[in-house]
Each structure stands twice: as structure tokens, then as C-alpha cells.
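A.B. asks: One structure, pasted below without further comment.
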Amino acid sequence: MVSLSEYDQRLLSGADGKAKQLAMKMMVRAAEVSGVECLVDVSMAHVNSCFYSGQVGLDFAEFLLREGGTVAVPTLTNVGLIDLLHPDLRPEKSNQEEVRGARKLMGIYEKLGCEVVWTCAPYQLKQRPSLGDQIVGSESNAVSFYNSVLGARTNKYGDFLDICAAVTGRAPYAGLHRDECRLGEILFNVDGVPKKLREEDVFYHVLGIILGQKSGVQIPVIQGLPKTVNEDQLKAISAAGAASGAVSMFHAIAITPEAETYDQAFGGGEPKRVVEVTSEMLIEARDTLSHSNSGTLSAVCIGTPHFSFTEFAKLIPLIKGRQVNPDVSFLISTSRFVLAEVQNQGWLEDINDAGIRIVVDTCTYFTPVAKGVQGRVMSNSGKWAYYAPGMLDVRVVFGSLEECVESAVRGEVWRDKRLWDNAFWGSE
């Protein structure tokens, strides 16, 4: 039996309308299935139900709106299916049902009171949750980043549950909302990985793939990351770990807020299993992300999760005064808010002059296929490289940001021989 507050009971009675009544019924049932006795207040939500995946999502949102539903806490929207600022990315005339449905659904979520940010990286916004905050997350990389890097608390809420939690401001007090469920269980030791490799961005994407493949439902703890690790690299671990597995939280000793020490990460206990990350494991995981290492290139897709301001700062010197090959579509997915910062810096002119296109509100590995994404496609994102072959009819090449830029300019895959020399991945 789930213990309900007076607020819960009022919503459940229908006194605040059918939308909130249904939302509370969903929360109570979720608590029952989870085997917990109460709900917990949440301070914010990031919802994925705004992503159009068929008529049922539209029907559900229309019911909430028709029956007076509004969000009870600040609620951010995940990406949608379409880029509202650049509609030709997925033209309506080619995909009428999907595009019209997506546009209508995104409009409803705005009417429900959501802050329509349309980003898979809401943690890049200035206002973000703090250590210990109880929240609701839905997008896999954001859930992992919120839990791991910020120390906020959320399970991964599926479609409909996420918006119901936002409408009620309540969630089952289960899983990663609870102290005892947030302790590390499996140790990944990267002390044996060359220090130079641990300075490379690609390492963090590959490490995330390994975490996802080997952790199962256990919470991984990483030992040996350098103190210089940055949020973009932690974002890469979050995204790749959640894509290749079910990692909703990880600890990095002396890096993430709930793992200042080994003992804190494991709650004074010991790991159930220890994985010594070897060069062979890294090379094997790295190579699974590419279908080939050479050949003519059709597109470059970066920004999965959304490209950050600091990533743009790294990109600009690489493209300044250069031009992408006319046969290559170079797409960068980002949020409107990061795009505004890029414009304020005066970088947009360099990007446009280089022949690079900015995409907002959505991602480029979704179907219907984004304009220009075909053939051999290169990405610096482990998540994009992992997901795209199952979503699109493309041949994926994974590489560093520098390799993506150079390849786009040349019109064919270019490899940094140093970075792709297997000896570099296994020796000091």
C-alpha cells in the first residue's frame, strides 16, 4: 500500500481535474510496481514525451491539455522530431504525418506550461539542479549526467510517466532517488591506460561504451580519471554508457560529487566486481564504432548530445578560413541557447563560411532521415556512432573532432595516424 499525502489524495480524487487525476494514478501505480511505500516531491523535470513517435503520444498529450493539465514544477522539453527553426531538415512534403504530428505535439507541450528548450543536454543551461535535488529525467544521457556529474536524483522515466510526474510534481521514492541505491557496485580501473590517451576526448566515448557493455544494471565506479577531466568528457561517458547499456549513474573517484573517495563511492564496502580496463578492451570497443577507416565521405554529424559552447570554442580554430568539401554535408546539432551564445561570440559567420549547417531542436540520427545524411557518415560522438547503424542506412566512421573537420574538408576519411596507432592505446 502506497502512503499518500493529502495533496496526493486530492489529485487522485479528481478534485483538480481529470488530467491531474490520471497523472496521479500513474504515479501511484508506478510506486506500487516499484514496491515502495511513498512518493517524493520533485523540483523539476526534463521530459521526452514531447518527442513524436506515433499517434498515441499525441492522443495522450491532447487529453492532458483538454482536461486542464499543466505542469506543477519547472519542466524542460527534450528534443523533438523536427527542427522548428529550419524546417527543410525534415521537409513536411516528404514526411507529412511525422512532421505535422511532431509540430502539433511540440505545440501542446508548450501549452502544458513546459519551458520549450528542445535539448537533450538540459544540463548545459545556466539553471540546473544541485547535489541532492530530487528531479525527473527521461533522456538517457541527461539522466546519467544529472545523477553522476551534478548529483541530482532521478530514475530514467519513460514516456507518459515523465510528463505525469511533471504534472503532479511527485514521483515514486524508488531507485536512484534513494541513498542506498546510489552506491557503486562495479569498479572500472583505468590506471593502466596511458596518461596521454586519457587526455584525448575519444577515450571518454570509448570508455562509456565499455561501461555500458559491462555494467549491466550495476552502478559503475571509475578509478583513474585525471583531475583535468571536463564536463564535455563526462558528457561523453554519460551518453555512450547509456546508449550501449543501462548506465543511469556512474561515479568517478575524486571527480563526481558523491565519490570524493573510494570509500564514499562504495559506501564503505567493496565492489562486487573489478574490471581492469586494458588496451585490448579499448581498441575492441573503439573499432566497433566504425564500419570503415577510409573512403569517400557523404556527411559529418556532431553534437550528440548537443554540442556545447566549449566544444564550439574548440571547433572554430579548426574551421576558420577553411571550407567543407561541396559533396559533404556537415551538420552540428545544438540547442537554441548555445546557438545564441555562438552568435554573440561572432562565430556563426565562420561556421557559415565553412559550409557547416547548425541544427537545433532535434538530432540527426532520427528518422525520417535528415537532409544530407546518407552513405558514409563520420561522427565524433560514441552515442551517434553506436545508435545510427540501427536507425539509418549509413556506414559510420567514428573519430576525433579534428578528424571529422579534416575529413569534411578533404571529402574523404582522414585519420590521425598517431591516434589510430594501436600502440598509442596501450603504451606510455
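A.B. asks: Please give the number of the condition Tyr387 fails out of (1) closer than 21 Å to Ser238 by Cα; (2) in a loop (DSSP other than H, G, I, E, B).
C.D. replies: That leaves (2) as the condition not met.
A.B. asks: A further question on this structure: Out of the residues in region 175-191 meeting the condition of being assigned to a helix (DSSP H, G or I) and within 16 Å of Thr256 (Cα to Cα), tell me which one is nearest to the chain's Cα centre (by Cα). Spell out the reasoning first.
C.D. replies: Of all residues in region 175-191, those assigned to a helix (DSSP H, G or I) come to 175-177, 179-181.
Cutting the leftovers down to within 16 Å of Thr256 (Cα to Cα) gives us 176, 179.
Details: Leu176: 18, Asp179: 24 Å.
Only one residue tops the list, namely Leu176.
For every residue, the table says whether it meets (1) assigned by TED's automatic domain parsing to the domain that holds Tyr365; (2) among the hydrophobic types (A, V, I, L, M, F, W, C); (3) closer than 23 Å to Asp41 by Cα; (4) not in a helix (DSSP H, G or I).
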| residue | (1), (2), (3), (4) |
| --- | --- |
| Leu84 | no, yes, no, yes |
| Asp88 | no, no, no, no |
| Lys104 | no, no, no, no |
| Glu110 | no, no, yes, no |
| Gln127 | no, no, yes, yes |
| Gly132 | no, no, yes, yes |
| Val143 | no, yes, yes, no |
| Asp159 | no, no, yes, yes |
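A.B. asks: Whether any residue in region 55-62 is surrounded by fewer than 24 Cβ atoms within 10 Å (Cβ to Cβ) and in contact (Cβ under 8 Å) with a residue 60 or more places away in the chain is what I want to check.
C.D. replies: Of region 55-62, the ones surrounded by fewer than 24 Cβ atoms within 10 Å (Cβ to Cβ) are 55-60, 62.
Adding the requirement that they be in contact (Cβ under 8 Å) with a residue 60 or more places away in the chain leaves 57, 60.
Yes, region 55-62 has at least one match.
A.B. asks: Condition check: surrounded by fewer than 17 Cβ atoms within 10 Å (Cβ to Cβ), charged (D, E, K, R) and farther than 16 Å from Gly303 by Cβ. Does Arg395 satisfy that?
C.D. replies: Answer is no for this residue.
A.B. asks: Now, a different point. Of all residues in region 74-98, which are buried (at least 20 other Cβ atoms within 10 Å of the Cβ), out of contact with any Lys or Arg (no Cβ under 6 Å at 6 or more places or on another chain) and not charged (D, E, K, R)?
C.D. replies: Of all residues in region 74-98, those buried (at least 20 other Cβ atoms within 10 Å of the Cβ) come to 75-83, 89-90.
Add one more test, that the residue is out of contact with any Lys or Arg (no Cβ under 6 Å at 6 or more places or on another chain), and what stays is 75-81, 83, 90.
Passing the criteria: Thr75, Leu76, Thr77, Asn78, Val79, Gly80, Leu81.
A.B. asks: Looking for something among the basic types (Lys, Arg) and surrounded by 21 or more Cβ atoms within 10 Å (Cβ to Cβ) - is there at least one such residue anywhere in region 379-386?
C.D. replies: Kept after step one, since they are among the basic types (Lys, Arg), are these residues of region 379-386: 383.
If we keep only those that are surrounded by 21 or more Cβ atoms within 10 Å (Cβ to Cβ) as well, we get 383.
Yes, region 379-386 contains a residue that is among the basic types (Lys, Arg) and surrounded by 21 or more Cβ atoms within 10 Å (Cβ to Cβ).
A.B. asks: Within the set of pairs 6+ apart or on separate chains, which have a first residue in region 357-371 that is over 17 Å from Ala239 (Cβ atoms), a second that is among the polar types (S, T, N, Q) and modelled with pLDDT under 95, and C-beta atoms under 8 Å apart?
C.D. replies: As it stands, the answer is Pro368/Ser94; Pro368/Asn95, since those pairs meet every condition given.
The values are calculated or read from the model by the stated rules, or taken from the named source; none is laboratory data. Since the structure is predicted, the reported quantities are computational estimates derived from the model, not experimental observations. Note: ideal-geometry Cβ built from the backbone for every residue, glycine included; neighbour counts use all protein chains shown.
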